[in-house]
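The values are calculated or read from the model by the stated rules, or taken from the named source; none is laboratory data. Keep in mind it's a predicted model, so treat the numbers as computed, not measured. Cβ coordinates were reconstructed from backbone atoms using ideal geometry, including for glycine residues, and neighbour counts include every protein chain displayed. With ligands, DNA and RNA removed, areas are computed over all heavy atoms of the protein, side chains included. Shrake-Rupley method; radii C 1.70, N 1.55, O 1.52, S 1.80 Å.
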Amino acid sequence: MINDMSPDDIDGEYKEATLILYGNITRKVFFSDREIPYPDGKLIVSRTDLDGIITHVNKSFVDMSGYEEAELIGMPHSILRHPDMPSVAFKDLWDTVHGSRKWQGFVKNLRKDGAYYWVKATVIPNIRKGKIVGYTSVRRKPSRTKVDESIRLYSSLTE
Amino acid sequence: MPNIFTVSPDFTPSHLSGWYIFNTWLQRATNEPIRLTLYDNFFNQRQAIEEDVIDLIYANPYDAAMLVRDKNFQPLVKPEGGHDEAILVVNVDSQVQDVADLKTYSIVAVTDDPDVTMMGMIMLEAGDLDNNNVRFLPCMNYVLVAKQLIQGNANVGIFLAEAFDDMSNFVKKQLRVLVRGQIGIIHHSLMMGSKLQEKHDQIQRILLDMNNNDKGRKVLESLGFEQWLVVDDEEMEFMIDLMDTLVTGD
Ligand SMILES: Cc1cc2nc3c(=O)[nH]c(=O)nc-3n(C[C@H](O)[C@H](O)[C@H](O)COP(=O)(O)O)c2cc1C
């Protein structure tokens, strides 16, 4: 259901990695060293169903990810998964929201064109009539110091 | 007992008479006794909500969660084009070109508008500033925020975009926009309490129909927008979820 990335979409030089996603699905990704700065004053918003399948994205999400809205809706949220992100971060995310709590963390996301962008993400469960019906994530601009700290931390966790 | 209607204390002062006109209009249109009661500040208004005094409210998004989840309020409508956005502003001569240039313990001039301050603080977070390492300079209104910046008493100010944009050129020339928020999802809404519950759909229809006659259009004009748009329960829940991700503390 989630396709490999295509080298044709990548801007400039790139490396290759194979991610093993939830349910043992593998995905070949191509990524470059190009960072896209987080746009000032904006929030990047998405919602998923209970399984992390994207159901809603806002315009900033579309602009930053490099995908069209139609390419995102119905896809697992791991479509943005960058190989530099340690899987423990996402395990912590899921454990936290399954427990009806709020998760916050710094995330490096992979764009369709192979470039990346850092966000500070907050994920919460959407509770309706006492039941979790989905999840919402809202990202804001992270500070450079926090990004640098996260780079150090995550590289020690992915080695 | 009339229904008590109140308006979020951050309303633009020039719309004060508009809210009284709207109250009179709504009373006639719905055939319900409605009395507009205004509060000086958010604290007093929240206390009235807490004591179940309020039946109808033009609410700040910051209070929406409490109104819906603790007090069983239901959304009715929002003004067209009426998103709340915040801007960070500095003195025109300030050395600060980016939020990252602001130092810890910077002085931040703010009003008591809860949603605007929250959105402004989110923009400051990109410069490692937060509630624990800034000094707030509380101001009664945005004119005073501007004044504190111009006089050099604050390093940065948080404005409601609309309030900043409406300032005179003379004032704006002495200031510089550092970051302009473009969130586009957070808005005030007209909401009603459980006492009026049975009339929800009827009142909502009346409001949505307002721009279809001369009298209604005039009333809307005095409030500064052209029409009401529907806010259903799920849109309100979505906004509350969003606010939830933005409030600091945990
Ligand atoms: C609301 C929500 C938003 C998410 N946003 C992202 C995201 O922006 N980037 C990302 O890599 N993972 C995100 N995730 C986590 C993914 O669902 C997934 O767990 C992660 O990419 C790791 O992939 P895996 O779980 O298949 O190993 C999000 C999850 C939820 C519930």
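Somewhere in region B:83-95, is a residue out of contact with any Cys (no Cβ under 8 Å at 6 or more places or on another chain) and closer than 29 Å to residue B:53 by Cα? Yes, region B:83-95 contains a residue that is out of contact with any Cys (no Cβ under 8 Å at 6 or more places or on another chain) and closer than 29 Å to residue B:53 by Cα.
Test each condition in (1) away from the ligand (no atom under 14 Å from the Cβ); (2) closer than 22 Å to residue A:72 by Cβ for residue A:155 and report the one that comes out false. Of (1) away from the ligand (no atom under 14 Å from the Cβ); (2) closer than 22 Å to residue A:72 by Cβ, only one is false for residue A:155: (2). Screening region A:31-51 for residues that are surrounded by 19 or more Cβ atoms within 10 Å (Cβ to Cβ) and of a type outside the set (Lys, Arg) and picking the one that is farthest from the ligand (Cβ to nearest atom) gives A:41. Residues of region A:93-105 that are under 20 Å from residue A:54 (Cβ atoms) and of a type in the set (D, E, K, R): A:102 alone.
Can you name the residue in region B:161-205 that is of a type in the set (S, T, N, Q) and surrounded by fewer than 20 Cβ atoms within 10 Å (Cβ to Cβ) and is also nearest to the other protein chains (Cβ to nearest Cβ) among such residues? Among residues in region B:161-205 that are of a type in the set (S, T, N, Q) and surrounded by fewer than 20 Cβ atoms within 10 Å (Cβ to Cβ), the one nearest to the other protein chains (Cβ to nearest Cβ) is B:182. Taking the stated definitions as given, is residue A:137 more than 15 Å from the chain's Cα centre (by Cα) and not in a helix (DSSP H, G or I)? It is false that residue A:137 is more than 15 Å from the chain's Cα centre (by Cα) and not in a helix (DSSP H, G or I).
Of the numbered conditions (1) open to solvent by less than 10 Å² (accessible area, probe 1.4 Å); (2) away from the ligand (no atom under 11 Å from the Cβ), residue A:119 fails exactly one; give the number of that condition. Failing condition for residue A:119: (2).
Considering only residues in region B:81-104 that are without any contact (Cβ under 8 Å) to a residue 40 or more places away in the chain and assigned to a helix (DSSP H, G or I), the one that is farthest from residue B:187 (Cα to Cα) turns out to be B:101. Being facing chain B (nearest Cβ under 9 Å) and of a type outside the set (A, V, I, L, M) is a condition met by no residue of region A:147-159.
Test of understanding: among A:123, A:119, A:97, which residue is more than 10 Å from chain B (Cβ to nearest Cβ), within 21 Å of residue B:239 (Cα to Cα) and without any contact (Cβ under 8 Å) to a residue 40 or more places away in the chain?
When all the criteria are applied, what remains is A:97.
With respect to (1) closer than 20 Å to residue A:22 by Cα; (2) more than 10 Å from the ligand (Cβ to nearest atom); (3) out of contact with any Ser or Thr (no Cβ under 8 Å at 6 or more places or on another chain), the lone exception for residue A:72 is condition (3).
Taking residues in region B:21-36 that are in contact (Cβ under 8 Å) with a residue 40 or more places away in the chain, and partners anywhere that are open to solvent by 70 Å² or more (accessible area, probe 1.4 Å), not one pair has Cβ atoms closer than 7 Å while being at least 6 places apart or on different chains. The set of residues from region A:132-145 being closer than 19 Å to residue A:82 by Cα and more than 16 Å from the ligand (Cβ to nearest atom) comprises just one member, A:144.
For the criterion of being within 12 Å of the ligand (Cβ to nearest atom) and open to solvent by 10 Å² or more (accessible area, probe 1.4 Å), residue A:87 passes. Among the residues of region A:1-30, which ones are in a loop (DSSP other than H, G, I, E, B), touching a residue at least 60 places away in the same chain (Cβ under 8 Å) and either touching a Cys at 6+ places or on another chain (Cβ under 6 Å) or away from the ligand (no atom under 16 Å from the Cβ) (or both)? Result: A:10, A:11, A:12, A:14. Restricting A:102, A:59 to those that are more than 15 Å from the chain's Cα centre (by Cα) and within 14 Å of the ligand (Cβ to nearest atom) reduces the list to A:102.
Taken over region B:65-78, the residue count meeting the criterion of being open to solvent by less than 10 Å² (accessible area, probe 1.4 Å) and either among the polar types (S, T, N, Q) or touching a His at 6+ places or on another chain (Cβ under 9 Å) (or both) is 1.
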